[in-house]
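A short worksheet on the structure shown next.
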Amino acid sequence: MKTKFLVTAILLSTCLTVWGYPKSVTKEKISQIRLGQTTEADLVNLFGPPTTRFVDMSHISLDWFRSVPMPVASYLPFIGELTGGLHIEAQQLSVVLSPDGRVLHYEMHSSKDKPRDAFAEQSRSSK
């Protein structure tokens with residue numbers, strides 16, 4: 001009886017943590033960010049409330065971090081390796097805003113994609 005209760009509790013807690021993930025940071029949403037135009041309110045509408053928010057005299061820094069834990073089977077010895085191993089999905093979006101609340105710079109990092117840096121892209125396109 002205790003074993004059934006424990007298994008049920010683990011399965012329910014897994015379901016609850018899946019519902020609590022922040023919104024996914026997709027390429028479509030990232031492409032909507034415009035340097036000098038997009039505001040903090042626009043970003044919150046796209047990605048939800050930021051994980052962290054830092055304010056100093058010259059700028060505002062916002063970060064969204066999302067990680068999806070491994071499937072339960074990955075924790076099992078031998079079986080976990082056969083079901084795909086230790087693949088963890090993680091995403092981070094960092095945005096720097098000007099004092100008036102408009103995007104100055106942003107970077108997107110994902111465990112599945114290459115990093116995206118708006119400054120590097122802007123300098124490449126201006127050459």
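Does any residue of the stretch 26-46 turn out to be loosely packed, with under 10 Cβ neighbours inside 10 Å, in a helix (DSSP H, G or I), of a type in the set (Gly, Ala, Ser) and modelled with pLDDT of 80 or more?
For the stretch 26-46, residues loosely packed, with under 10 Cβ neighbours inside 10 Å, in a helix (DSSP H, G or I), of a type in the set (Gly, Ala, Ser) and modelled with pLDDT of 80 or more: present.
Out of Ser58, Ser123, which single residue is among the hydroxyl-bearing types (Ser, Thr, Tyr), touching a Pro at 6+ places or on another chain (Cβ under 8 Å), surrounded by fewer than 12 Cβ atoms within 10 Å (Cβ to Cβ) and at pLDDT below 90?
Result: Ser58 is the single residue among Ser58, Ser123 that is among the hydroxyl-bearing types (Ser, Thr, Tyr), touching a Pro at 6+ places or on another chain (Cβ under 8 Å), surrounded by fewer than 12 Cβ atoms within 10 Å (Cβ to Cβ) and at pLDDT below 90.
Restricting attention to the stretch 101-112, report how many residues are part of a loop (DSSP other than H, G, I, E, B) and modelled with pLDDT under 90.
2
Out of everything in the stretch 61-86 that is of a type in the set (A, V, I, L, M, F, W, C) and under 22 Å from His109 (Cβ atoms), what residue ends up being modelled with the lowest pLDDT?
The extreme case among them is Leu86.
The values are calculated or read from the model by the stated rules, or taken from the named source; none is laboratory data. Because the structure is a prediction, the values reported are computed rather than measured. As a convention, Cβ positions derive from the backbone with ideal geometry for all residues, glycine included, and neighbour counts pool all protein chains shown.
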